[in-house]
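The values are calculated or read from the model by the stated rules, or taken from the named source; none is laboratory data. Since the structure is predicted, the reported quantities are computational estimates derived from the model, not experimental observations. Positions of Cβ are backbone-derived with ideal geometry, glycine not excepted, and every protein chain shown enters the neighbour counts. Surface accessibility is based on the protein's heavy atoms, side chains included, excluding ligands, DNA and RNA. Shrake-Rupley method; radii C 1.70, N 1.55, O 1.52, S 1.80 Å.
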Amino acid sequence: MTEPADSLGILEFPDPRLRLRSAPVTEFDSALTGLTDRLLETLYATKSIGFSAPQIDHQQEVLVLDLSEDQSDPQIYVNPQIMSKGAWGIVEERCVSVPGLVGNVFRATRVRVRAQDQHGTAFERNLSGMHAVCLQHEMDHLAGKLLVDRVSIFKRLRIRARARAKAKMVEAESENHPVAAE
Ligand code: NI
């Protein structure tokens, strides 16, 4: 079973923290490996193919990918930078932080990325297909950009209305079950 997003501390649209720009990582220490471990755990718990640090309220340039069927290809990207892009196409994307939205997005399907691993070792890699798309989606998170910004105005309005209705429901529920103060 996929665990619900809120029990994992995943931020959801329209949380303003998802709009913050992440800072580059400068310390390659145990706090960073703790973060990359937690990102991979969250990735697998939500059955996702990519996950970024800001989604769990760490505004640092860190993301993870695993597009394998059996969790056998965990990839960690710290301070990623796209060196070149090509082969553009329309792809369908989802995001755990924007529940209920399936968006068609115009993306490069071939990228060359430069990044560091969790120990600070630099590498460059060519990615193609969903791999390339997923990396760009997660890099959007590092820039405070969300899937909802890349879809049509109609979808954007619908997803905003849904988020508002959900917030109201949570509010109403806490009013129905007041926490005793005395
Ligand atoms: Ni996402």
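Label sites at Asp117 and Asp73, each approximated as a point 7 angstrom past Cα along Cα to Cβ, lie 1.7 nm apart. Placing +1 on each Lys and Arg Cβ and -1 on each Asp and Glu Cβ, with no other charges, gives the chain a dipole about its Cα centre of roughly 1200 debye.
Our note on the geometry: Cα centres of the range 121-137 and the range 24-89, 11 Å apart.
Measuring from a point 7 Å past the Cα of Ser84 along Cα-to-C-beta, which residues in the range 125-147 have an amide N at less than 15 Å? Hits in the range 125-147 for Ser84 at 15 Å: 125-128.
Gain on full extension, evaluated as 0.36 nm per residue between Ser128 and Asp57 minus their Cα-Cα distance, stands at 22.7 nm. Here the simple spin-label model places points 7 Å from the Cα toward Cβ, and for Phe106 and Phe154 these points are separated by 1.8 nm.
At 20 °C and 1.002 mPa s, what whole-number value in µm²/s does Stokes-Einstein give for the translational diffusion of the chain, with Rh from the Kirkwood sum over Cα pairs?
Details: Rh = 17.3 Å.
Roughly 124 µm²/s, to the nearest whole number.
Per-residue packing, averaged as other Cβ atoms within 10 Å, sorts the ranges 130-141, 82-93 into the order 130-141, 82-93, beginning with the highest. Heavy atoms of the protein chains alone define the surface here; on that basis the chain has 57 Å² accessible area per residue at 1.4 Å probe size. Protein heavy-atom surface of the chain, 1.4 angstrom probe: 52% of the accessible area is carbon and sulfur, with nucleic acids and ligands not counted.
Rounded to 0.05, the FRET efficiency of the Val170 and Arg19 pair, given R0 = 25 Å and the Cβ-Cβ distance, is 0.80. Its Cα gyration tensor gives the range 33-109 an equivalent ellipsoid, and the semi-axes of that ellipsoid, as √(5λ) in whole Å with the largest first, are 21, 16, 13.
Looking at the chain only, what percent of DSSP beta bridges run antiparallel? Nearest 5 please.
Numbers: 26 of 27 bridges.
Counting DSSP beta bridges with both partners in the chain, the antiparallel share is about 95 percent.
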